[in-house]
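Let me begin by presenting the structure, written as C-alpha cells, before commenting on it.
We did not get these values from a lab; they are worked out from the coordinates using the rules stated. Since we're looking at a predicted model, the values are computed, not measured. Please note: Cβ atoms are built from the backbone with ideal geometry, for glycine as well, and neighbour counts cover all protein chains shown.
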Amino acid sequence: MTDTAEILASPAPAVADGGRPLAVVTGGTGGIGRRVVELLAGAGYRVTVLSRQGAMAGAMAGAGFADDMPVTLRACDLGRAESIAAASSAILAQDGPVSLLVHCAGVIHPGDSAAQGADELAAQVAVNLTGPIDLTARLLGRMQRGGHVVFVNSMAGALPLAGCGAYTAAKFGLRGYAMCLAREVRKQGIRVSSVFPAAVDTPMLRREMAEGGSVLNFVSAPADPDHVARRIVRICRHPRRETFLPAMDGLFANLCLLLPRLLDLALPVLTLAGRLGYRRFVRRGGGR
Ligand SMILES: NC(=O)c1ccc[n+]([C@@H]2O[C@H](COP(=O)([O-])OP(=O)(O)OC[C@H]3O[C@@H](n4cnc5c(N)ncnc54)[C@H](OP(=O)(O)O)[C@@H]3O)[C@@H](O)[C@H]2O)c1
C-alpha cells in the first residue's frame, strides 16, 4: 500500500465527542511541517499550528493554508517561555485536549564553536530542545490515553559532526528527553516517537548551506520534504519509538556511537562523497 493510501485508509482515532481529534504541530509553516499539517488534516485531524507568524494578519494564507482547512494558526515563539505558556493556555481553553503533538520546528546556525554567537546558541537550544520540552510539559497533563508525542529530530541527534555543535547538542538532548518521556508516560497509554531524517531539501537546508553548512548533508541526495512528511505522518498513525530516514544512515550513526573510531575512518570518504553531492545539488538549481 502506498503511504497516502495507508494514511487515508486508517482514519484518525475518534475522540469522546465523536469529532475530529486535535493535532498540535510546531514548525507547521516549514518545508516538512506544512506537508505534515496538510496530510494530518486530510486524515481527519483538526490541526493547531504554532508559529511565530500566528498573530499576523493574513497568516493562514501567508502560510499556504486555505481558509476551509481544519487548521488554526496560533502565535508561538519557542524561544520565549511566556509565548509557549500563552499558546498552551489558548489551546487547552479553546481547542480541546490534544491527541497528537508533533514537534517539527527547528533551527540551525552552523559554525565552529569558537565563533558561535550567543543569540544563535540560545535560539538553537530553545527551538530544538527546551521549547519542545516546555510545550510538552504544558500539554501533557490533559493528553488522554492513546495520545502520542512525535519529535522530528535529525540524523545530527545520533551522529556527532564538527561545525554544528549547538544544533547537534540540542538534538542529542531531544533524543534523550524523548527516551525518558516514553518511559514516564507508558502507563498512561501515551506513546512517544522520534524521527531522525538525514538532509531534506527545505528552506532550512538552503539557509544552512548559505551559512557554511557541512557538505556531509550531501553524501546522499537530500530527501524530498513530501516523502519525509509522509513517513512522519505514517509514524503519527503507527507509533514507533525511533525511525531513521534512511534506515541505513541510522544504523551507521548508532554504530559510530558504539565505535567512535569508525567515524574518524569513514570521514575522508564521506567528505569526498558529500563534496561531489553538493556540487550536483547546486548544478541542479539547489542552494538558491
Ligand atoms: N531540512 C533538513 O535538512 C532537516 C534534516 C534533518 C532534520 N530536520 C528537522 O526537521 C524539522 C523541520 O525542518 P524544515 O527543514 O522543515 O525547516 P524549515 O523549513 O526551516 O522550517 C522551520 C520551522 O521552524 C519554525 N520555527 C523556527 N524558529 C521558531 C521559533 N523561534 N518559534 C516557533 N517556531 C519556529 C518555523 O516557523 P515560523 O517561522 O512560522 O515561526 C518553521 O515552521 C526541524 O526540526 C529540523 O531540525 C531538517
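From the list Asp119, Asp77, Asp67, pick out the single residue that is in a helix (DSSP H, G or I) and acidic (Asp, Glu). After ruling out the rest, the residue left standing is Asp119. The number of residues in region 24-79 being on the phi > 0 side of the Ramachandran plot and touching a residue at least 40 places away in the same chain (Cβ under 8 Å) comes to 1.
Of all residue pairs spaced 6 or more apart or on separate chains, those with beta-carbon atoms under 7 Å, a first member in region 116-139 that is without any contact (Cβ under 8 Å) to a residue 60 or more places away in the chain and a second member that is among the polar types (S, T, N, Q) and surrounded by 21 or more Cβ atoms within 10 Å (Cβ to Cβ) are Arg138/Ser88.
Residue-wise test of (1) within 17 Å of the chain's Cα centre (by Cα); (2) near the ligand (Cβ under 9 Å from one of its atoms); (3) over 28 Å from Ser214 (Cα atoms).
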position: Thr26; (1), (2), (3): yes, yes, no
position: Ala41; (1), (2), (3): no, no, yes
position: Leu50; (1), (2), (3): yes, yes, yes
position: Pro70; (1), (2), (3): no, no, yes
position: Ser83; (1), (2), (3): no, yes, yes
position: Val102; (1), (2), (3): yes, no, no
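Mind listing whichever residues of region 220-265 are of a type in the set (D, E, K, R) and farther than 23 Å from Phe281 by Cβ? If the condition is that a residue be of a type in the set (D, E, K, R) and farther than 23 Å from Phe281 by Cβ, then Arg234, Arg237, Arg240, Arg241, Glu242, Arg261, Asp264 are the ones that fit.
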